[in-house]
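To keep things clear, I will list the structure first and then write my remarks on it.
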Amino acid sequence: MKVLYVKNNSERNPAFQLKTVIYSDKEGKFVKKEPLCQEAGEHFNGIARAHDVLKKLLANSRMDPVPILHSSEQAIVFPFVEGESFQTLFDKAYRTSPDHAVAFVSDYLKLLKASFPLEPFCAEQMVDKRFKKLFGEHDYARLDGLEAFKETTNLDLILPNLIQTENNRIVLIDYEWTFPLSLPLEYIFYRTLLLLPEEVNEKFLSNMRHLELFEKMERHFIDRYVMKDGFYFYKYNYIKANVPVTELLDAKERHIDELKASAKENLRVANEMHKVAEKLGEELQETGDDLTYARQMVAYRDWQLENARLSNRIKRLVAKLIPFYRAPISEMQEPVHPAKKRKKGYRYRAPELTPQKKELLESLLKRKDAPTISILMPVYNVDPKWLHNAIESVKKQWYTKWELCIVDDKSTNEATLKYLRSLDDPRIKIKFSDVNKNIAGASNDAARMATGEYITLLDNDDELTPDALFEVVKALYETDADFVYSDEDFIDTEGHCSNPHFKPDFSPDLLLSHNYITHLACFKKPLFDEVGGFDERFSGSQDYDLFLRMGEKTDNIHHIPKVLYHWRTIEGSTSADSKAKPEALKISKQVLEETLKRRGIDGWVEYGNIDHYFRVRYTIQNNPKVSIVIPFKDKPELLRMCVTSVLEKSTYENYEIIGISNNSEEETTFEVMKELAALDERVTFYEYNVPFNYAQINNYAVNTYAKGEHILLLNNDIEVITPDWIEAMLEHSQRPEIGCVGAKLYYPDDTVQHAGIIIGLGGYAGHSHKHLPRESLGYFNRLNAVQNVTAVTAACLMVKTAIYKEVDGMDEVKFKVAYNDVDFCLRVHKKGYRNLFTPYAELYHHESVSRGYETTPEKMARFQKEKDALYERHGDLLQKGDPFYNPNLTHDKEDFTPCLRRIEQNL
């Protein structure tokens, strides 16, 4: 028997955890399902019952449930159905055109109607206790009259589960989620649409009147019934994921080799000695500091006494001659204890294998499905000292189920070759290449040697932390991710670590600006194989290209917020000098250009402000109109500054300015309104005289007057700096996947006021890099890179009009003044759109000049009420933390300072 594919649904509630195995033998190909645990027995047994029911229901149609060849309490075996899945047929239609795809989906819906017996939905008769347990307590009477499946419903009639055979029959290959309930056909259709591209599904979703209810049903079914711990996502069926993994069965059946007792003891003793040495070093430093301080204080006291004696002598001698004379005394500062002068900074501390971690480690290693991690290491003329350190860091891994695949890329350094030949470890595979293939070719050769389920990358002069693979495997089990990456720091030639890079969770747009992932990266070997491995055209930036291509195949990418990799800084490396390999900079740009071409993006790539940072430009399509909404109350001088700066500096022309006066009183204000409206026909003013409610004013303007495809919310205290600021925001706002776009705002003193909003900062929300100088790079150049953020300020925010209305605009009930932009962005974020900050739209923000700050008791009480409302609605995110802000960074300031306390707690 040859195993082709295995999937464990361990992310589910234990009552629904099944294992699917696809295998082949001399009889053919087969699919086997087994319960993963005892609790899943009842759910598992329901599959056979579902087959019998569906066979009767579908007797007179083109559709058949896949037959059961063998059934027992331990396993059910099905034939592997050859043919094309509806998903494949849909993809072909979609590649032809979206219209063809829409037509295909329409035919699919007709097929469902023709295959299953239907009846009108009646909540009073059909909604029972089990129905509510599955889908929650809701007003189901709203669905009365919709076509519903008669008596039995299969929830998973999605496209990948339907296979069209050669004889034009349709086979339903998965009926695990079949219930003796009558569910609306439209709800089942809605579940299918969620997996389709937006430009296709919106053709159907826009005509559904019960989307909100369907969404609530779906969330309840998945989060509270199917998945454990609210873990929610869709998985494609095994036909799409059918990638041969020939070693998987053997890997699952092998016993884990126990660590030798002496090796464990040696590691324990070494860790203890390291701790003792570190403690003694600190005590010695403190003792030396005390001695130095004592000597300095003695000298200082002697100086004070000597000056006092000298002063008295001079005074007595000169006082008779020069009245009021005061003798000069030489300067000497009181010494400060060295411990007070030392600045505490980042210092890497080796993790401790605590009893709790040890217990978890042993449980991971004992699992039958414990993965082997294949570590790829291309080698070329590296100093044996660094190569030795790199390999030793692998040998010291807590998680021992690894293999190291080394390919020497035709080194000419005999010392390097001699060291490689001296290695004698069955877990280390070495190949000596006959020709130099460069790093991408050598890495591909190493990948061909790999037999593990996962691949990770290690440069020949870098080091892994001892817990690196342990943390990776732990994350893989917790998340079932296809791709994980970690934080990293830099290690010098003396072994000192510094400059930790605490990264955000997966940020597709930051990755298009810079390869921020770098190390440590670990991914499924089938995913690596699917994208074709490393592209040897891009040696030097081959990992950047690989990460971008993998990101096109999966979004199941997980970030481990821990330093698990030490990047060596030596002469000639890019970690020490970004200009060390100028060819890599050019290749990285080519990688991005190829990415745009592959993704069908109409745009181009420009170099960024520093090496290895880039700006991806997007051609603005169809010259859409932008509606700029500016609320204000009096302050005519600000209004004039704002509007004239837009009119005089903006290079984009297709916009309208909608000024909304809210309770203005000054005569000058109305004169300025007339003056500005006369300047340009694109400028219009309206009055909306209600009690100040920022959210309500903007909603009124958008819903009543805006004619543009994009909304640009703009404060009246904003002044344009960069002429192409609208283009810089619009090039992203037009992208279907992007929600809110924020700009880079400065105070009048040229310090940063806004570069994105960080959720959880200061307990609620704060501005990224606030008060840093305008020319500052920020944390790892984050002030100068397009990147995904969770929220942006509405002082300058662009969003599609359709999205603004999709989320019902700003909440004018709970967030009248404060946090309405944060709440708005978070609701857009939760809809699945990516919010984004661009540093290329620069403006001045004379913050709160027009309305003032929250200083009165009444305003402060209202502000606190809105903070409470934010926590009530988005408490889950506030507690979990902003995905684009690393938990190892401070939450007390806005400058991205590493928080040493958090780092140590995370060890």
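The values are calculated or read from the model by the stated rules, or taken from the named source; none is laboratory data. Note that the coordinates shown come from a computational prediction; the quantities given were computed from them, not determined experimentally. Because the Cβ atoms are built from the backbone with ideal geometry, glycine has one as well, and the counts that use them run over all protein chains shown. Only protein heavy atoms, including side chains, enter the accessible area calculation; ligands, DNA and RNA are left aside. Shrake-Rupley method; radii C 1.70, N 1.55, O 1.52, S 1.80 Å.
Below is a table of values for the structure above.
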quantity: Derived scalar couplings ³J(HN,Hα) [the range 679-695; Karplus, 6.51 cos²θ - 1.76 cosθ + 1.60; whole Hz; x for Gly, Pro]; calculated: 5, 7, 5, 7, 9, 9, 10, 9, 9, 9, 9, 10, x, 3, 8, 4, 5
quantity: Gyration tensor verdict on the range 5-49 (Cα atoms; rounded if a/c is under 1.5, prolate if a/b is larger than b/c, oblate otherwise); calculated: oblate
quantity: Cleavage-rule hits (GluC sites (Glu not before Pro)) in the range 85-158: DSSP loop, at most 12 neighbouring Cβ within 10 angstrom; calculated: GLU137
quantity: Three-way shape label, the range 632-723, alpha-carbon gyration tensor, a/c 1.5; calculated: oblate
quantity: Neighbour cut-off at most 13 other Cβ (10 Å), DSSP loop, GluC sites (Glu not before Pro), the range 439-542; calculated: GLU494
quantity: For LEU457, residues with placed amide H under 5 Å, excluding near neighbours; calculated: LEU376, ALA521
quantity: For the range 86-237: relative contact order, % (alpha-carbon pairs under 8 angstrom, 6 or more apart); calculated: 25 percent
quantity: Restricting the range 439-501 to chymotrypsin sites (Phe, Trp or Tyr not before Pro) in coil, as DSSP defines it, with at most 11 other Cβ within 10 Å; calculated: none
quantity: Accessible area of LYS150 in the full protein assembly, 1.4 Å probe (Å², nearest 10); calculated: 90 Å²
quantity: Set of aspartates and glutamates with alpha-carbon distance to LYS2 below 12 Å, sequence-local pairs under 8 removed; calculated: ASP25, GLU27, GLU247, ASP250
quantity: For the range 19-34, 3J(HN,Hα) per residue [Karplus equation, 6.51 cos²θ - 1.76 cosθ + 1.60, θ = phi - 60°, Hz, x = Gly/Pro]; calculated: 10, 10, 10, 9, 9, 10, 9, 5, 7, x, 9, 9, 10, 10, 10, 9
quantity: Over the range 691-792, relative contact order from alpha-carbon pairs under 8 Å, at least 6 apart, %; calculated: 17 percent
quantity: Note, ³J(HN,Hα) from phi for the range 132-145, Karplus 6.51, -1.76, 1.60, rounded to Hz, x at Gly and Pro; calculated: 5, 5, 6, 10, x, 8, 9, 7, 6, 4, 5, 8, 4, x
quantity: Pairs beyond 23 Å (Cα-Cα), from LYS19/LYS358; LYS55/LYS110; LYS744/LYS805; LYS524/LYS553; LYS396/LYS562; calculated: LYS19/LYS358; LYS744/LYS805
